[in-house]
Amino acid sequence: MYIKIRAVDVVRVPPERLGEDLVNTVKELLKDKLEGRVDKRIGMFVAVLDVVEMKEGRIMIGDGGVYYETIFDALVFRPMMQEIVEGEIVEIVNFGAFVEIGPLDGLLHISQITDEFISYDEKGAKLITRESNRTLGEKDRVRARIVAISLNERDPGDSKIGLTMRQPGLGKIEWIEEERKKESESEV
Amino acid sequence: MPGSERYTKYEKARIIGARALQIAAGAPVLIKTDKIDPIDIAIEEFEKGVIPITVKREK
Amino acid sequence: MVSEEREKIVRDLISSGVERAIAKEIARDFRVTELSVGRDALSAAGIADEYAEDILCMLGIEVAGEVKPCDIEIQVNGTPLPEKLKSELKSKLRVVRRMLTRDKLNSILKRVIAEYEDARVDPREAVGVVAAQSIGEPGTQMTLRTFHYAGVGAIYITLGLPRIIEIVDARKKPSTPAMKVRLQPEYASDRHKAEILAMEIEETHIKDIGKVESSADDMCILLSLNNRELEKRRITKEEVEEKIKSLDMPVDIKEDKIKIYTKNNSYHELLRLEERISNMLVKGIEGIKRAIVRKGPEGEYMLYTEGSALKKVAKIEGVDFNRTTTNNIAEIAEVLGIEAARNAIIDEMMSTLEEQGLDVDARHVTLIADAMTVDGEVKQIGRHGLAGEKTSVLSRAAFEVTVDNLLEAAIHGEVDELKGVTENVIVGQPIRLGTGAVELVAKNYGELMR
């Protein structure tokens, strides 16, 4: 999910930028430094929103830069275990489907889509269930639960989020609608 | 710092040194001058009291 | 005039530098209620010119353009100089007061303050290193490893490098202990009296005043006293006999000889007894091998002694204990306290250096003396004293037995604050001294932004 956090970081303002407006410069530097970065505890920085407070700048020996300890607000994407997410399928591969659930994609493994056996249609880029003949392709919206998180701080793109739909109330949005209709009919 | 606005020789050296490094690395110069050497510029800035650097002294 | 008022005038006059007797005189003859006294009136009253001015100034009668003593007082007191400098400056200014104008006074003060500020050590200066170098370099000019002796009369005192090492190592006892004993005025002016006192202090053994022989025939010690020596040292025969009797041995006293018998009739005992009697102290202070009367630098008679016993000398009548010193620093610390020991270290080092013709600023020596005595006891400089008590694990490990030090520190969970030089060099940081200790802060920015 997306969270707004207040964080503290030290920003180095390089000498050549000392003449500019300080707050804007620091904000820009923070954006350059943090946006897209992943931290295992915090999550992925999506945007630096506001600089709240800046402490006095320090100058170190042998470095012309000025270091500012800065308090700022930021928007982060933090996937959490058991979280229910909705997203669009962006790619179908022979072992499952990738779902865009924010700045990161989650992997829906072929074994985690339905209880049925699934075959892979390479030409149509689709996954087809054997018994009910339902299909899952790109641009389909799905609802899934996060069951595995492995964030990579060094290479954010290599982070892996595992999803499942083999639970009641999860699946492709159309399937869920069908289920619901069936249920209300049987109740009547 | 009550009663001692004067900088010690070490403080002066650090201020001018740090400022010269900044100027050498492209920081905007705060005075009009013909000088070229960043150290000379930093010294002139120091003498005119325009260097935006102070020291933090222990209480 | 009311006497109270008169008292005040006297006080004021004295404080502005007028001698007491003259001040009293002035106060008596002078009617302060009449303020229209001029310089002429004062000189007519027989008051010297230099005092007349002070009086006029006190009365508030201005002499145009002149600097008054009270001006000097006020101006100098307003400067940020230390008290000692202030009073020196005041007395010097008073001498040349006549030649001063206010502007001149101000520029003098400005110069003095500037010179003073200039002479001050900047904060974060590595004073310890500078002190070490300032003493170390002249130390190389002292004849290395050679023992220099220079003496007063027949007394020898270790000087030069060996003496410096002795002081810095805080030896319990110097290799040549010696005292300078000043005397009370009546003794100090009379050589004869001073010599009597010297005899009183110098240790006298039986062997110094007579011959000690052992006789194996009748198993006794024969003591024949030397009358001339006795007289010279002002010892009576009775005193010696008293001492011998205190041995609690069978004694046979004859006209010119004393026979002391052994109790057990053994040769062994006889030899021991001979030794014991020879070394019996009859008079003087134990440890003072020699006491010599000399004229001191102040022109008075004083005693130079070989050997030191400060505590005992203090009890001798005629000794001016306040001006009596020893070169045994440990003894001074014990008898007079740590502050006295600090001063003794400074004096001893300075005089040793000066004697070698080396000019070392007293402040370097003072710093060393301070470092040696801060803890309340005299500590040596070196691994068993100052250097060995460092709090930093890393610097101790860098010094000696690295592994043991680190292991011990790890067991106790010691923390290194990285405050010293060695630690920071090991870690690869700038050291916290000089420019390395300055923390720079960018101006104008910071605080709350929105």
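So the values come out like this:
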| read-out | value |
| --- | --- |
| Distance from segment B:4-59 to segment C:290-362 (C-alpha centre basis), Å | 54 Å |
| Residue pairs, from the table A:K4/A:K181; C:K193/C:K243; C:K211/C:K245; C:K289/C:K315, whose Cα atoms sit over 29 Å apart | A:K4/A:K181 |
| Between segment A:89-162 and segment C:75-149, the Cα center-to-center distance that results, in Å | 84 Å |
| Tilt relative to chain A, helix A:22-34 - C-alpha long axis, 0 to 90 degrees, to 10 | 40 degrees |
| Net charge of neighbours whose Cβ lies under 9 Å from the Cβ of C:I72, counting Lys and Arg as +1 and Asp and Glu as -1 | +2 |
| Given charges at beta-carbon only (K, R positive; D, E negative), |dipole| of the protein assembly as shown in Debye | 1080 debye |
| Environment charge of B:I31, counting only residues whose C-beta is closer than 15 Å and scoring Lys/Arg +1, Asp/Glu -1 | -2 |
| Dipole of chain B, positive direction: furthest Cα of B:I31, B:T54, B:I41, with charges on the beta-carbon | B:T54 |
| For segment C:390-437: span of alpha carbons on each principal axis (Å, largest first) | 35, 19, 17 |
| For the protein assembly as shown, projected area of the alpha-carbon convex hull averaged over all directions, nm² | 69.2 nm² |
| For segment A:1-145, alpha-carbon Rg relative to the globular expectation (2.2 N^0.38 Å, N residues) | 1.53 |
| Shape call, segment C:351-450: gyration tensor on alpha carbons, a/c limit 1.5 | oblate |
| Positive-end residue, the protein assembly as shown charge dipole about Cα centroid, Cβ charges, pick of A:I5, C:N227, A:N24 | C:N227 |
| Partner lysines for C:K390 [C-alpha distance under 20 Å; skip if fewer than 8 residues away on the same chain] | C:K379, C:K419 |
| Sparsely packed trypsin sites (Lys or Arg not before Pro) within segment A:107-188, loop by DSSP, other Cβ within 10 Å at most 10 | A:K123, A:K139, A:R154 |
| Rounded to whole Å, sorted largest first: equivalent-ellipsoid semi-axes of chain B, Cα gyration tensor | 23, 11, 9 |
| Debye intensity ratio I(q)/I(0), log10, segment C:204-283, q values 0.12, 0.14, 0.18 Å⁻¹ (C-alpha model) | -0.29, -0.40, -0.66 |
| Neighbour cut-off at most 13 other Cβ (10 Å), DSSP loop, GluC sites (Glu not before Pro), segment A:140-187 | A:E153 |
| Cβ-based net charge around C:V181, under 10 Å, with every Lys or Arg adding one and every Asp or Glu removing one | +2 |
| Partner lysines for B:K12 [C-alpha distance under 17 Å; skip if fewer than 8 residues away on the same chain] | B:K48, B:K56, C:K443 |
| Value of Rg/Rh across segment A:2-77 [Cα atoms, Kirkwood radius] | 0.99 |
| Förster radius 22 Å - calculated FRET efficiency between C:E7 and C:A48, Cβ distance, rounded to 0.05 | 0.45 |
| Positive-end residue, segment C:243-341 charge dipole about Cα centroid, Cβ charges, pick of C:P297, C:I260, C:I338 | C:I260 |
| Segment A:112-188: C-alpha gyration tensor shape, a/c 1.5 cut-off, then a/b vs b/c | oblate |
| Charge dipole (debye, nearest 20) of segment A:84-187; +1 at Cβ of Lys and Arg, -1 at Cβ of Asp and Glu | 100 debye |
| Length added when fully stretched, C:S189-C:Y267, from 0.36 nm per residue minus Cα-Cα | 22.9 nm |
| Helix A:173-187 axis, angle to chain A major axis (alpha carbon atoms, nearest 10°) | 50 degrees |
| Global form of segment C:291-370, assessed from the alpha-carbon gyration tensor, a/c cut-off 1.5 | oblate |
| Cβ-based exposure ranking for A:S150, C:S392, in which fewest neighbours within 10 Å come first | A:S150, C:S392 |
| Rounded to the nearest 20 debye, dipole of segment C:390-437 from Cβ charges on Lys, Arg, Asp, Glu | 240 debye |
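Rule-based calculations on the coordinates, nothing more; no lab input. Bear in mind the structure is a predicted one, so any value in this text is a computation, not a measurement. Neighbour counts are summed over all protein chains in view; Cβ atoms, including those assigned to glycine, are modelled from backbone coordinates with ideal geometry.
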